[in-house]
1. Got a number for residues in segment 260-277 being within 31 Å of the chain's Cα centre (by Cα), in contact (Cβ under 8 Å) with a residue 40 or more places away in the chain and not in a loop (DSSP other than H, G, I, E, B)?
2. Touching a residue at least 12 places away in the same chain (Cβ under 8 Å), in contact with an Asp or Glu (Cβ under 9 Å, 6 or more places away or on another chain) and not assigned by TED's automatic domain parsing to the domain that holds G125, is that true of I184?
3. If you scan segment 43-60, which residues turn out to be hydrophobic (A, V, I, L, M, F, W, C) and more than 11 Å from P15 (Cα to Cα)?
4. Go through segment 223-241 and count every residue that is out of contact with any Cys (no Cβ under 7 Å at 6 or more places or on another chain) and surrounded by 14 or more Cβ atoms within 10 Å (Cβ to Cβ).
5. I want to confirm something. Restricting to segment 187-216 and keeping residues that are away from the ligand (no atom under 16 Å from the Cβ) and either among the polar types (S, T, N, Q) or touching a residue at least 60 places away in the same chain (Cβ under 8 Å) (or both), which single residue is surrounded by the most Cβ atoms within 10 Å (Cβ to Cβ)?
6. Kindly state which helices (runs of 4 or more DSSP H) lie completely within segment 152-247 and contain at least 1 residues that are farther than 26 Å from S277 by Cβ and not aliphatic (A, V, I, L, M).
7. Identify the residue in segment 107-134 that is over 14 Å from the mean Cα position of the chain (by Cα), under 15 Å from D49 (Cβ atoms) and not in a loop (DSSP other than H, G, I, E, B) and, among all such residues, is nearest to the ligand (Cβ to nearest atom).
Amino acid sequence: MRQYKDYPIYINVPPPALKANRDKNLAEQGAKHNFRETARLRNVQKYLDDIQIDPAPGAIALAFESEVVKHLDLVASRRIGKVTLDSLNPSEKVWIIPLSPDERPDDCNNCEAYVRSTTAAGGGGIRLYYSPSQSLIRNKWVISSDDTLYHELVHALRFGWNGSPENSEWIEDYDNKEEFIATIMENLYVSSRGGRQFYSHYRPPVSMVSKQELYERYAKSENLIRWFKRCTFSDSFIWAMARRNDPPFNPWRDREELERRWVKANQKRGIKKFPGS
Ligand SMILES: [Zn+2]
């Protein structure tokens, strides 16, 4: 186990025997159709196991720790990454735990990484499952990037302050408010590292598009513009983002420009101002 600088981030590879034992119990309880117990093993027990510290970590565990540190160093080297790390709730531990290719199908529908907040029964804090390794995703070998890690850190930041995901309504192409915020922030991060191609949205298939094209898409959607506004006025972190001069891609800051473009495109319908503004 290794703490990242003095952030509340702990990189941990639990003792391998715990997973082996859990898998054995899962198979036994599954055969008995004891779904209450299998659910407990998959959630509470897994959260507890994942924060157990191996007194004698092996080479694979040490390599995982140093690879994650490299990716965190990359995140911390970008201004948007640094301000996000600095904004984590210092009293909520974020545990970064490996997500191996064989766990992906069952644990998260083949995702690259995911975040869960836990209750006291699960040991408290936040679990961020992520491996900065190559893995087979949709028949392609993909290296998990610092963009992905950054996206997950945005979830961790929000869960750290809010306790759990905000139950919110469906946002087309984004699923929900958490993924909307994490994806838009991921694009600010891309811009902060000098990237010029941005994630089109959250729901697969995702394409990489220019700022101009993506802003045009945002400006066509009354609903998305409303969400940019709602998030800005309901979340102090987003509010701080909206007041920044950097990075170049920052629709929180540029929301009023998006509103003006939307109004212009809808003038023919007699619209003179953005609804609610
Ligand atoms: Zn996400």
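The values are calculated or read from the model by the stated rules, or taken from the named source; none is laboratory data. All values reported here derive from a predicted model rather than from experimental measurement. Glycine gets a Cβ as well: all are built from the backbone with ideal geometry, and neighbour counts include every protein chain shown.
1. Looking only at that region, the number is 2.
2. no
3. V44, L48, A59, I60
4. Matching residues across segment 223-241 total 12.
5. S192
6. In segment 152-247, the matching helices (runs of 4 or more DSSP H) lie at 177-192.
7. Per the criteria, the residue is D107.
Condition check ((1) modelled with pLDDT of 95 or more; (2) crowded, with 16+ Cβ neighbours inside 10 Å; (3) outside the structural domain of L153 (by TED's automatic domain parsing)) across all residues:
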{"residue": "S77", "(1), (2), (3)": "yes, no, no"}
{"residue": "L85", "(1), (2), (3)": "yes, yes, no"}
{"residue": "C108", "(1), (2), (3)": "no, no, no"}
{"residue": "A113", "(1), (2), (3)": "no, yes, no"}
{"residue": "G123", "(1), (2), (3)": "yes, yes, no"}
{"residue": "I126", "(1), (2), (3)": "yes, yes, no"}
